[in-house]
1. From the phi angles alone, apply the Karplus equation (6.51, -1.76, 1.60; θ = phi - 60°) to region 108-121 and give each ³J(HN,Hα) in whole Hz, x where the residue is Gly or Pro.
2. From largest to smallest, what semi-axes in whole angstrom does region 99-150 give when each is the square root of 5 times an eigenvalue of its alpha carbon gyration tensor?
3. Which Cα, out of Tyr87, Thr126, Leu108, lies furthest along the positive dipole direction of region 85-156 (beta carbon charges, K/R +1, D/E -1)?
4. Take every Cα pair under 8 Å in region 45-140 that's 6+ residues apart, average their separations, divide by the length, and report that relative contact order as a whole percent.
5. How big is the accessible area of Glu94 in square angstrom, nearest 10, if you roll a 1.4 angstrom probe over the protein chains?
6. Counting alpha carbon pairs within less than 8 Å and at least 6 residues apart, what relative contact order, in whole percent, applies to region 91-145?
7. About its Cα centre, what dipole magnitude does region 55-138 give when the only charges are +1 on Lys and Arg Cβ and -1 on Asp and Glu Cβ, stated in debye to the nearest 20?
8. Give the calculated FRET efficiency between Gln84 and Lys61 to the nearest 0.05, with a Förster radius of 30 Å applied to their Cβ-Cβ distance.
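The values are calculated or read from the model by the stated rules, or taken from the named source; none is laboratory data. Here the structure is a predicted model, which is why all the values come from computation and not from measurement. Cβ sites come from the backbone with ideal geometry, for glycine too, and all protein chains shown count toward neighbours. For the accessible areas, the whole protein counts, side chains as well, though only heavy atoms, and no ligand, DNA or RNA atoms are used. Shrake-Rupley method; radii C 1.70, N 1.55, O 1.52, S 1.80 Å.
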Amino acid sequence: MGGATSKVVRRLPKEKPAWAGSRTPPDPGAASRHESKPPLASDSKSPAIEVDGRDPQFMSKLNRLGPVRVDHHMQSVQPTDHAQAMYRSRMQSEVEATNIRVVRDRLLASSLSSLLDTRKSVTTTTELESLATRYGIGVGMLQQLCRHFNTPSADERTIVRTMD
């Protein structure tokens, strides 16, 4: 598979491509040739602009398009329902974050993580109820959360600590 006969031979072009050396500064004789070109735009119509404007294909395509139609009764663009719901959700979250009163069954991600970590060590329903009360969440909601979500945990015996 690695034999030289099975490899494709790379062939370089024999002539220099047209784009080669395009970043090199032009020679002094070329500067005089560029100055003789007519400008691409002008404030007044020159004969060259008039000739260019008589392009029959361009005029036929413009005539086929017809005049510009402007709708003066246009409505502003309305965001989609999904974007509006996301905006409302973010605004509600910001209001709740600034609110002093604790909202039941709403937790920040860090609080949820510590709740789920603490829930791993709970053994009785009394402890479960006190944990739910401490975090301001219903016992049923906590059990439903624990049924579907968990936090990563590591066995203490597998943790390796190195001191430098």
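1. 6, 4, 5, 5, 4, 5, 5, 4, 5, 5, 5, 4, 5, 9
2. Semi-axes (√(5λ), whole Å): 17, 12, 10.
3. Sorting the options by dipole projection puts first Tyr87.
4. Once normalised by length, the contact order is 23 percent.
5. 110 Å²
6. It comes to 40 percent, rounded to a whole number.
7. 140 debye
8. With a Förster radius of 30 Å, E is 0.15.
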